[in-house]
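Trainee: Take a look at this one; I'll ask things after.
The values are calculated or read from the model by the stated rules, or taken from the named source; none is laboratory data. Only a predicted model underlies this, so the values are computations on that prediction, with no experimental measurement involved. Neighbour counts are summed over all protein chains in view; Cβ atoms, including those assigned to glycine, are modelled from backbone coordinates with ideal geometry. Side chains are part of the model used for accessible areas, which takes the heavy atoms of the whole protein and leaves out ligands, DNA and RNA. Shrake-Rupley method; radii C 1.70, N 1.55, O 1.52, S 1.80 Å.
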Amino acid sequence: MKILVTGGAGFIGSHTCVELMKSGYDIVIADNFCNSKRETIGRIEELGGKSLRLYEADMLDLEALRKIFAENDICAAIHFAALKAVGESVRQPVRYYHNNITGALNLVTAMNDAGCKKIIFSSSATVYGDPATVPIKETFPLSAASPYAQTKLVTENLLRDLCVSDPEWTCILLRYFNPVGAHESGLIGEDPNGIPNNLMPLVVMAAQGKRQLKVFGNDYPTRDGTCIRDYIHVVDLAQGHVAALNYLKKCAPGAEAINLGSGSGSSVLEILNAFEKAVGVKLPWEMGERRPGDVPQLYADPSKAKELLGWETKLTLEDMCLSSWNFANRQG
Ligand code: NAD
Ligand code: UD1
């Protein structure tokens with residue numbers, strides 16, 4: 001069975017391709033490498049144990065997407081390709097709306113024309129905004145505090161409307177919490193072009209002595225004053241996509257939003273402690289101001305994923321820290 005993975009060379013996409021290939025799926029990747037590296041493709045093939053078909057294609061190029069469907073018998077798509085830096089999205093809203101929304105519109109247009117009507121979409125916990133309570137259920141109200149979050153909400157709504165208009169469409173909207181970690185081989189991991197924004201890559205760079213780490217605020221209403229997030233190992237997340245794909249093949253048509261998280265929250269200080277303990281280094285860090293837009297607590301109620309997909313996280317914070325460290329040190 002052939003699956004189109006857009007953004008398959010990226011952080012979550014690469015790990016998902018490996019898990020899909022290990023589960024017997026054939027993979028076609030469409031990526032323009034705007035935030036990933038070409039050498040990742042060979043590593044995915046090595047870890048997945050077979051070859052894949054690569055199209056260096058931009059989601060903004062509808063004809064390129066049509067060509068992929070014309071040349072391959074694709075039964076479903078997993079749509080990762082998007083720009084994801086929240087701060088950058090505030091500075092460059094047009095670029096973000098265009099890349100993420102036009103990209104999704106082009107994909108579903110090419111899929112519709114080819115009669116391929118099954119899709120898994122990479123959404124985000126950011127669509128919950130600042131929730132009134134935690135843990136967060138899929139039924140909670142949605143809001144968007146940044147252009148990036150808007151692109152996720154708009155694409156979710158597009159896919160819902162598509163399902164209403166055409167009862168043959170099946171769309172799974174996976175809302176990820178905080179993906180971290182890397183493959184245990186150290187061959188693939190989070191390797192963005194430019195300076196990272198997320199906590200774990202910055203912790204790793206601090207441990208390597210490349211950057212000073214700042215904790216963004218200790219006056220939040222949480223157990224130690226720092227923000228709480230639901231960190232999920234990228235390999236668990238990748239396996240969540242295999243489970244979602246197996247569900248997509250048999251479930252009734254329509255749109256379904258599903259949280260992918262561990263269900264437990266860790267504070268920033270708890271992450272720093274876990275990292276120091278797992279890796280055996282002392283992290284240089286200092287307390288800083290709050291980062292605008294951060295909300296105190298986000299963690300998932302993952303019970304719907306367990307019920308519908310039979311999936312739950314297995315890997316620990318220690319696994320997340322060790323694998324991130326191992327990957328970073330292999331890159332040099
Ligand atoms: P990533 O940047 O590592 O991967 C995205 C991939 O898409 C990259 O390989 C990039 O080159 C490609 N891409 C981007 N725009 C493209 C375009 N127009 N045409 C073709 N390829 C394009 O990001 P990731 O962390 O793997 O995230 C994957 C998806 O998950 C994204 O949609 C992101 O918004 C979503 N998400 C990520 C996180 C996270 O913390 N990493 C959390 C929630 C949701
Ligand atoms: C961020 C985005 C979110 C996106 C997610 C995954 C914001 C406001 N939110 O989530 O929309 O879906 O990334 O890409 O940008 N922290 C520090 N010091 C640092 C970096 C982070 O203390 O140098 C703290 C943050 O305050 C936060 C936690 O670490 O409490 C995690 O931060 P991060 O990895 O950026 O993820 P989120 O903010 O949860």
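Trainee: Scan segment 194-212 for residues that are closer than 16 Å to Lys277 by Cα and of a type in the set (S, T, N, Q) and jot them down. Walk me through how you get there before you give the answer.
Mentor: Just the residues of segment 194-212 that are closer than 16 Å to Lys277 by Cα, to begin with: 200, 203-204, 206-208.
Scanning segment 194-212 gives a single hit, Gln208.
Trainee: In addition: Mind checking whether some residue in segment 295-310 is on the phi > 0 side of the Ramachandran plot, open to solvent by 40 Å² or more (accessible area, probe 1.4 Å) and more than 16 Å from ligand 2 (Cβ to nearest atom)?
Mentor: Within segment 295-310, the subset on the phi > 0 side of the Ramachandran plot is 310.
Still in the running and open to solvent by 40 Å² or more (accessible area, probe 1.4 Å): 310.
Then drop every residue that is not more than 16 Å from ligand 2 (Cβ to nearest atom), which leaves 310.
Yes: one or more hits.
Trainee: Checking the structure you have, find out if any residue of segment 183-193 is under 18 Å from Gly7 (Cβ atoms), open to solvent by 50 Å² or more (accessible area, probe 1.4 Å) and assigned to a loop (DSSP other than H, G, I, E, B).
Mentor: yes
Trainee: Additional query: So, in segment 100-119, how many residues would count as being closer than 16 Å to Asn32 by Cβ and open to solvent by 30 Å² or more (accessible area, probe 1.4 Å)?
Mentor: So the count comes out to 1.
Trainee: Another question, if that's okay. Name, by its number, the condition in (1) more than 16 Å from ligand 2 (Cβ to nearest atom); (2) open to solvent by less than 10 Å² (accessible area, probe 1.4 Å) that does not hold for Ser89.
Mentor: It is condition (1) that Ser89 fails.
So that you can scan it fast, the table gives a plain yes or no per residue for (1) of a type outside the set (Phe, Trp, Tyr); (2) near ligand 1 (Cβ under 9 Å from one of its atoms):
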{"residue": "Tyr25", "(1), (2)": "no, no"}
{"residue": "Ala57", "(1), (2)": "yes, yes"}
{"residue": "Ile74", "(1), (2)": "yes, no"}
{"residue": "Ile78", "(1), (2)": "yes, no"}
{"residue": "Ser122", "(1), (2)": "yes, yes"}
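Trainee: What about Met205, is it touching a residue at least 24 places away in the same chain (Cβ under 8 Å), in contact with a Phe, Trp or Tyr (Cβ under 8 Å, 6 or more places away or on another chain) and either under 20 Å from Ala300 (Cβ atoms) or within 13 Å of ligand 2 (Cβ to nearest atom) (or both)?
Mentor: Working: touching a residue at least 24 places away in the same chain (Cβ under 8 Å): yes; in contact with a Phe, Trp or Tyr (Cβ under 8 Å, 6 or more places away or on another chain): no; either under 20 Å from Ala300 (Cβ atoms) or within 13 Å of ligand 2 (Cβ to nearest atom) (or both): yes.
In short, no.
Trainee: Among Lys314, Lys282, which is over 20 Å from Thr222 (Cβ atoms) and out of contact with any His (no Cβ under 9 Å at 6 or more places or on another chain)? Steps first, answer last, please.
Mentor: Working: Lys314 fails: out of contact with any His (no Cβ under 9 Å at 6 or more places or on another chain).
Within the list Lys314, Lys282, the selection yields Lys282.
Trainee: I've got another one for you. Say we look at segment 260-293 and pick out the residues that are under 18 Å from Asp236 (Cβ atoms) and either free of Cβ contacts under 8 Å to residues at least 12 places away in the same chain or within 16 Å of ligand 1 (Cβ to nearest atom) (or both); which of these is most open to solvent (accessible area, probe 1.4 Å)?
Mentor: The residue in question is Ser262.
Trainee: So Asn218 ticks every box in (1) part of a strand (DSSP E or B); (2) of a type outside the set (Asp, Glu); (3) out of contact with any helix residue (DSSP H, G or I) (no Cβ under 7 Å at 6 or more places or on another chain); (4) surrounded by fewer than 23 Cβ atoms within 10 Å (Cβ to Cβ) but one. Which box is left unticked?
Mentor: Of everything listed in (1) part of a strand (DSSP E or B); (2) of a type outside the set (Asp, Glu); (3) out of contact with any helix residue (DSSP H, G or I) (no Cβ under 7 Å at 6 or more places or on another chain); (4) surrounded by fewer than 23 Cβ atoms within 10 Å (Cβ to Cβ), Asn218 misses just condition (1).
Trainee: Can you tell me which residues in segment 19-51 are in a loop (DSSP other than H, G, I, E, B), touching a helix residue (DSSP H, G or I) at 6+ places or on another chain (Cβ under 6 Å) and either of a type outside the set (Lys, Arg) or modelled with pLDDT under 95 (or both)? Steps first, please.
Mentor: Initial filter on segment 19-51 (in a loop (DSSP other than H, G, I, E, B)): 23-25, 32-38, 49-51.
Now narrow it down to the ones that are touching a helix residue (DSSP H, G or I) at 6+ places or on another chain (Cβ under 6 Å): 23, 50-51.
Those that are in a loop (DSSP other than H, G, I, E, B), touching a helix residue (DSSP H, G or I) at 6+ places or on another chain (Cβ under 6 Å) and either of a type outside the set (Lys, Arg) or modelled with pLDDT under 95 (or both): Ser23, Ser51.
Trainee: Any chance you could count how many residues in segment 148-171 are under 21 Å from Lys84 (Cβ atoms) and surrounded by fewer than 21 Cβ atoms within 10 Å (Cβ to Cβ)?
Mentor: Residues of segment 148-171 that are under 21 Å from Lys84 (Cβ atoms), as a first pass: 148-159, 171.
Adding the requirement that they be surrounded by fewer than 21 Cβ atoms within 10 Å (Cβ to Cβ) leaves 150, 153-154, 157-158.
Final tally of qualifying residues: 5.
Trainee: If only one of Leu173, Leu202 is outside any loop (DSSP other than H, G, I, E, B), closer than 27 Å to His98 by Cα and either among the charged types (D, E, K, R) or within 16 Å of ligand 1 (Cβ to nearest atom) (or both), which one is it? Full working, then the answer.
Mentor: Numbers: Leu202 fails: closer than 27 Å to His98 by Cα.
Exactly one of Leu173, Leu202 is outside any loop (DSSP other than H, G, I, E, B), closer than 27 Å to His98 by Cα and either among the charged types (D, E, K, R) or within 16 Å of ligand 1 (Cβ to nearest atom) (or both), namely Leu173.
Trainee: Can you report the number of residues in segment 274-283 which are under 17 Å from Asn198 (Cα atoms) and either in a helix (DSSP H, G or I) or away from ligand 2 (no atom under 12 Å from the Cβ) (or both)? Spell out the reasoning first.
Mentor: Residues of segment 274-283 that are under 17 Å from Asn198 (Cα atoms), as a first pass: 274-275, 283.
In the following step, the residues that additionally are either in a helix (DSSP H, G or I) or away from ligand 2 (no atom under 12 Å from the Cβ) (or both) were identified as 274-275.
Counting residues in segment 274-283 that are under 17 Å from Asn198 (Cα atoms) and either in a helix (DSSP H, G or I) or away from ligand 2 (no atom under 12 Å from the Cβ) (or both) gives 2.
Trainee: Could I ask something else about it? Which of the numbered conditions does Ala81 fail, given that it passes all the others? Conditions: (1) under 25 Å from Glu190 (Cα atoms); (2) assigned to a helix (DSSP H, G or I).
Mentor: Exception for Ala81: condition (2).
Trainee: Looking at (1) within 30 Å of Cys163 (Cα to Cα); (2) in a loop (DSSP other than H, G, I, E, B); (3) open to solvent by less than 30 Å² (accessible area, probe 1.4 Å), which is the only condition Ala243 fails?
Mentor: Failed condition: (2).
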